[in-house]
1. Residue by residue through the stretch 410-435, note down the ones that are farther than 20 Å from Gly309 by Cα, in contact with a strand residue (DSSP E or B) (Cβ under 8 Å, 6 or more places away or on another chain) and aliphatic (A, V, I, L, M).
2. With the condition kept exactly as written, say whether any residue in the stretch 404-415 is assigned by TED's automatic domain parsing to the domain that holds Gly192, surrounded by 17 or more Cβ atoms within 10 Å (Cβ to Cβ) and assigned to a helix (DSSP H, G or I).
3. Starting from the stretch 87-102, take each residue that is part of a helix (DSSP H, G or I) and list its partners that are surrounded by fewer than 12 Cβ atoms within 10 Å (Cβ to Cβ), counting only C-beta distances under 7 angstrom and pairs at least six apart or across chains.
4. Only residues that are closer than 17 Å to Asp211 by Cβ and in contact with a Pro (Cβ under 7 Å, 6 or more places away or on another chain): list them for the stretch 228-243, please.
5. Please state which of the following conditions Arg129 fails to meet, knowing it meets all the rest: (1) modelled with pLDDT under 95; (2) in a loop (DSSP other than H, G, I, E, B); (3) under 27 Å from the mean Cα position of the chain (by Cα).
6. Taking only the stretch 398-411 into account, find how many residues are closer than 19 Å to Ser438 by Cβ and aliphatic (A, V, I, L, M).
7. Given (1) in contact with an Asp or Glu (Cβ under 7 Å, 6 or more places away or on another chain); (2) buried (at least 23 other Cβ atoms within 10 Å of the Cβ), where does Lys261 come up short, assuming only one miss?
8. If you go through the stretch 448-458 one residue at a time, do you hit one that is without any contact (Cβ under 8 Å) to a residue 60 or more places away in the chain, buried (at least 16 other Cβ atoms within 10 Å of the Cβ), more than 24 Å from Pro522 (Cα to Cα) and more than 26 Å from the chain's Cα centre (by Cα)?
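The values are calculated or read from the model by the stated rules, or taken from the named source; none is laboratory data. Quick caveat: nothing in here was measured; it's all calculated off a predicted structure. Here the Cβ positions follow ideal geometry from the backbone for every residue, glycine too, while neighbour counts run over all protein chains shown.
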Amino acid sequence: MRPFSGEECVKPVTGCINRAFGNKEPWQVAAITATTVLGGVWIWTELTKDESLYVRGKRQFFKLAKKLPPVRRQIEAELDKANNDFESDIKKSNQHLTYSLRLPEKGLSNEQILGLVDDHLKNGHYSWRDGQVSGAVYGYKPELVELVTEVYGKASYTNPLHADLFPGVCKMEAEVVRMACTLFHGNNDSCGTMTTGGTESICMAMKAYRDYAREHKGITKPNIVVPRTVHAAFDKGGQYFNIHVRYVDVDPETYEVDMKKFKRAINSNTILLVGSAPNFPYGTMDDIQAIAALGVKYDIPVHVDACLGSFVVALVHHAGYQVRPFDFAVKGVTSISADTHKYGFAPKGSSVIMYSQKKFKDHQFTVTTDWPGGVYGSPTVNGSRAGGIIAACWATMMSFGYEGYLEATKRIIDTARYIERGARQIDGLFIFGKPATSVIAFGSNVFDIFRLSDALCKLGWSLNPLQFPSGIHICITDMHTQPGVADKFLNDLRSCTAEIMKDPGQPVVGKFALYGMAQSIPDRSVIGEVTRLFLHSMYYTPQK
């Protein structure tokens, strides 16, 4: 039998097309062809968008459903209730304070102002100075407060935007960055800037890599690949800079990112790979070496988010504990974010974003050359920057020194491991993964974990709630290393858990029930609306 020729193979197809269009007018053939081509392009565009059809379809469904009058009325009623609850909590917290709704006719005296400041700072019922709060305040010593207060006062009106006026402040910033780079095994090429916090550090890295990829690779629809547990600042950066964030699930046993899924998430528009050292929810550390190897293989930058780990994760190995390599010593790591206002113990408002090479930092900068006010350039989001914060951060680092930070790291990690060992022995509880540094996350397969959070809250403890799955965590700070604090926490953890285990099936009630309920709502935009109401409530003032 002779083989079919190419013409014979396509003849049935062309015959069908000719018969279909045989009786059509030329304009009809042109219209059908154009419609088919454009329709095909539209379908291809829809199928290849960053978000899946399922996600977009689900969002559109809920968007349309909320327009139905009965649904909208119910949602608005619930939102009004939530808004009233939030404002009621604010009013209750500030009921003994007087609101200033307009400028005072005459300026107050220093004594009056300082008295009012004291009244405001006494607000709140958690004893954070006694180590009963997770994270938030990472180190507090009266002698350090005196130092940074005096330093900030001296530099409070300086502004490194005007480098010619305040070169000394610029030198301090450069030294903060260089000292941090050294801690994270940077070399002579490593560099960076200070920022106002971890979120800005992360956003600046995303901006830098977006612009770098656009200039050097021609990528105009960028995405980044991150673990599901990565900090929410990456989502914020995605919203700010129009970068799609591709989330990858974590392993349900280790709570580290699933590397097989991580690799599959990379495509030709990926501009950045991200890992946490450690992550915020569970305190576990992603396999940075494996992520960096993918970065080298596909020529994609790799960012390590060490904002939470800060100087503790940089020094944990020196303190006698083992962690996998994660910093600039790992080939392929191109940037690291670390918060000096966490385990650097500096005042709030300072962080560092570090790069392995200046070519990346160069794309972080914003430069305007044609402004009538002159050539304008700024390294971060802010134009004017607080020289006082830079000086206070520098002073804190100079005060602690390497030995001071190493001793603090030992105290913190020793305390964290002590609490972890004790918690693992409590019936009804489990620990999420293997904590790398200072965060210990608890869950339960027996009872609603938010009941434990509620019980501990009533004893004065403030822990962080987690969702998907439900959990709570404690972030150990230098405040928890004070004598007796760790033992008190473990004793309260044991007694509260034992009491709950007497009736483990009982549901959680009160404000902590909201956390569980929020996870069950499929339309996440409703949770977003509630969150916005909470943010609005923070700015509540009574009506005139």
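1. Ala423, Leu429
2. Our first condition is that a residue be assigned by TED's automatic domain parsing to the domain that holds Gly192; within the stretch 404-415, this holds for none.
There is no residue in the stretch 404-415 that is assigned by TED's automatic domain parsing to the domain that holds Gly192, surrounded by 17 or more Cβ atoms within 10 Å (Cβ to Cβ) and assigned to a helix (DSSP H, G or I).
3. Final answer for the pair search is Ser93/Asn123.
4. The one that is closer than 17 Å to Asp211 by Cβ and in contact with a Pro (Cβ under 7 Å, 6 or more places away or on another chain): Ile243.
5. Failing condition for Arg129: (2).
6. The qualifying residues number 2.
7. Among (1) in contact with an Asp or Glu (Cβ under 7 Å, 6 or more places away or on another chain); (2) buried (at least 23 other Cβ atoms within 10 Å of the Cβ), the lone unmet condition for Lys261 is (2).
8. Yes, the stretch 448-458 contains at least one residue that is without any contact (Cβ under 8 Å) to a residue 60 or more places away in the chain, buried (at least 16 other Cβ atoms within 10 Å of the Cβ), more than 24 Å from Pro522 (Cα to Cα) and more than 26 Å from the chain's Cα centre (by Cα).
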